[in-house]
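The values are calculated or read from the model by the stated rules, or taken from the named source; none is laboratory data. Just so we're clear, the structure is a prediction, and the values are computed from it rather than from any experiment. With ideal geometry, Cβ positions are generated from the backbone for all residues, glycine too; neighbour counts draw on all protein chains shown. Surface areas here come from the heavy atoms of the whole protein model, side chains and all, with no ligands, DNA or RNA. Shrake-Rupley method; radii C 1.70, N 1.55, O 1.52, S 1.80 Å.
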Amino acid sequence: LSLHDALPICLTRDWDETVSSFRWKEDGSGLYITAPYHGTEQLFEVKRTADEEAANEVRQITKGDFDITGIAAQQGSVLFVTRTDMNHAAEVFLVNTENGSMQALTHVNDAFYKTIQLCSVRSRYTELEDGASLFSWVIYPPGFDSTKKYPTLLYCQGGPQSALTQFYSFRWNFQLMAANGYIVIAPNRRGMPGHGTQWNESISKNWGGQVMRDYLSAIDDISKESYVDTARRGCVGASYGGYSVFYLAGIHNNRFKSFIAHDGVFDLRSMFGTTEELWFVDWEFGGRYWEREKIDVQKGMIRNSPSEMVSKWNTPILIYQGGKDYRVPIEQGLQAFQAAQLRGIKSKLVYLPDENHWVLKPQNSVLWQRVFFDWLDKYLK
């Protein structure tokens, strides 16, 4: 290799999206990548051009309401990938890289799907006050009847830069929520990849700003539909989504009848002082809270902390907290629960001592779901 060939080259420098994963092509001429795109996760090809000054070609291979969640292998013009959507857990598919056609290779869950009703998943756009257009997925109960009224959940995604796509989760399972009689609206609010890097980056150092108005705009927009029971609306989320729940609990103006937060950030100062992901908060918060020459404390750390708005909390709240969560440490959930208790708000704490930032053990997962739906049924049904 020449010195020039050994230097790093950014193959996607001129592409206004974010790469999730990649695999080198067999002939070494470029990459196959997966990337969030407009509420889905799609497969792309990146071809390196001979002209170093020219932009490399990025070609979208797959299109549809599904996620390509991984690339396992290549065989000529065929890729072996895993694919999900909100109604289907991962299966292996073959993708023709020339035309994007797909063929299911495994059918592990087909027999089970025949025993249940699947939910309808539709896209929705909300025009925002700043002129932007907000994309959301709306998940409807099986057998949805537009002449009836349904309790409705606003789902807040974590990250805050995590994509909200056609994922299939065994914890935040939209199909299961819909099957229990709830409409779910899941917005691709400010901060998520798949809508350009500016949209993706706009949340940093501004956790409690425009993104919260995005959430409220989404729930207000869907609430215009006659089938949404505005007296039975809830708000749920984990991690940054849990932060969003805590924050919205102080500004929702009685929109919601119930909140559920899992491993959510409650107090930014103590979060900064205890998290193991120090590089992240150092960047996201714009600096350390004592470095006043770098950040305006009143407009930054303090203003964006849900703990500053507890005096406005007035709604029942369920809080989950993992005992081995070092990213959003235990004191965050305990502080939020204690604040709710001292405020006299109906509240419940589910402490999972052997879980980290997720719920990984089967029995804990069963408990998580049972408590989740028992709580919702109590306050929204």
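Within the bounds of region 351-372, is there any residue that is closer than 30 Å to Phe280 by Cα, in contact with a strand residue (DSSP E or B) (Cβ under 8 Å, 6 or more places away or on another chain), in a strand (DSSP E or B) and touching a residue at least 12 places away in the same chain (Cβ under 8 Å)?
yes
If you scan region 134-168, which residues turn out to be assigned to a loop (DSSP other than H, G, I, E, B) and within 13 Å of the chain's Cα centre (by Cα)?
Once the filter is applied, which keeps residues that are assigned to a loop (DSSP other than H, G, I, E, B) and within 13 Å of the chain's Cα centre (by Cα), region 134-168 yields Gln157, Gly158, Gly159, Pro160, Gln161, Ser162, Ala163, Leu164, Thr165, Gln166, Phe167, Tyr168.
I'd like to check which helices (runs of 4 or more DSSP H) are fully inside region 179-260 and have at least 1 residues that are open to solvent by 10 Å² or more (accessible area, probe 1.4 Å) and among the small types (Gly, Ala, Ser). Spell out how you get there, then give the answer.
Numbers: elements: 197-201, 210-222, 240-248.
Ranges flagged: 210-222.
Looking at (1) within 18 Å of Leu248 (Cα to Cα); (2) open to solvent by less than 80 Å² (accessible area, probe 1.4 Å); (3) not in a loop (DSSP other than H, G, I, E, B), which one does Glu308 not meet, given that it meets all the others?
(2)
Quick one: how many residues across region 261-293 are within 30 Å of Ala231 (Cβ to Cβ) and open to solvent by 30 Å² or more (accessible area, probe 1.4 Å)? Reasoning before the result, please.
Start the filter on region 261-293 by keeping residues that are within 30 Å of Ala231 (Cβ to Cβ), which leaves 261-266.
Of the ones still in play, those that are also open to solvent by 30 Å² or more (accessible area, probe 1.4 Å) are none.
Summing the residues that are within 30 Å of Ala231 (Cβ to Cβ) and open to solvent by 30 Å² or more (accessible area, probe 1.4 Å) in region 261-293 gives 0.
What residue, of Lys148, Lys205, is more than 30 Å from Ser21 (Cα to Cα) and not hydrophobic (A, V, I, L, M, F, W, C)?
Within the list Lys148, Lys205, the selection yields Lys148.
With the requirement that a residue be open to solvent by 20 Å² or more (accessible area, probe 1.4 Å) and not in a loop (DSSP other than H, G, I, E, B), what does region 311-331 give you?
Within region 311-331, Ser311, Lys312, Ile330, Glu331 meet the criteria.
State whether the residues of region 308-317 include one that is touching a Leu at 6+ places or on another chain (Cβ under 8 Å) and in contact (Cβ under 8 Å) with a residue 12 or more places away in the chain.
There is no residue in region 308-317 that is touching a Leu at 6+ places or on another chain (Cβ under 8 Å) and in contact (Cβ under 8 Å) with a residue 12 or more places away in the chain.
I need the full set of residues from region 242-284 which are among the aromatic types (Phe, Trp, Tyr) and without any contact (Cβ under 8 Å) to a residue 40 or more places away in the chain, in order please.
Within region 242-284, Phe272, Trp279, Phe280 meet the criteria.
Return the residues of region 332-350 that are assigned to a helix (DSSP H, G or I) and surrounded by fewer than 17 Cβ atoms within 10 Å (Cβ to Cβ); say none if nothing qualifies. Walk me through how you get there before you give the answer.
In the first step, residues of region 332-350 are kept if they are assigned to a helix (DSSP H, G or I); the result is 332-342.
Selection gives Leu334, Gln338, Gln341, Leu342.
Looking at this structure, is Asn96 without any contact (Cβ under 8 Å) to a residue 40 or more places away in the chain, more than 23 Å from Pro36 (Cα to Cα), touching a strand residue (DSSP E or B) at 6+ places or on another chain (Cβ under 7 Å) and of a type outside the set (Ser, Thr, Tyr)?
no
If you scan region 257-267, which residues turn out to be over 19 Å from Trp172 (Cα atoms) and under 20 Å from the mean Cα position of the chain (by Cα)?
Residue satisfying the conditions is Phe266 alone.
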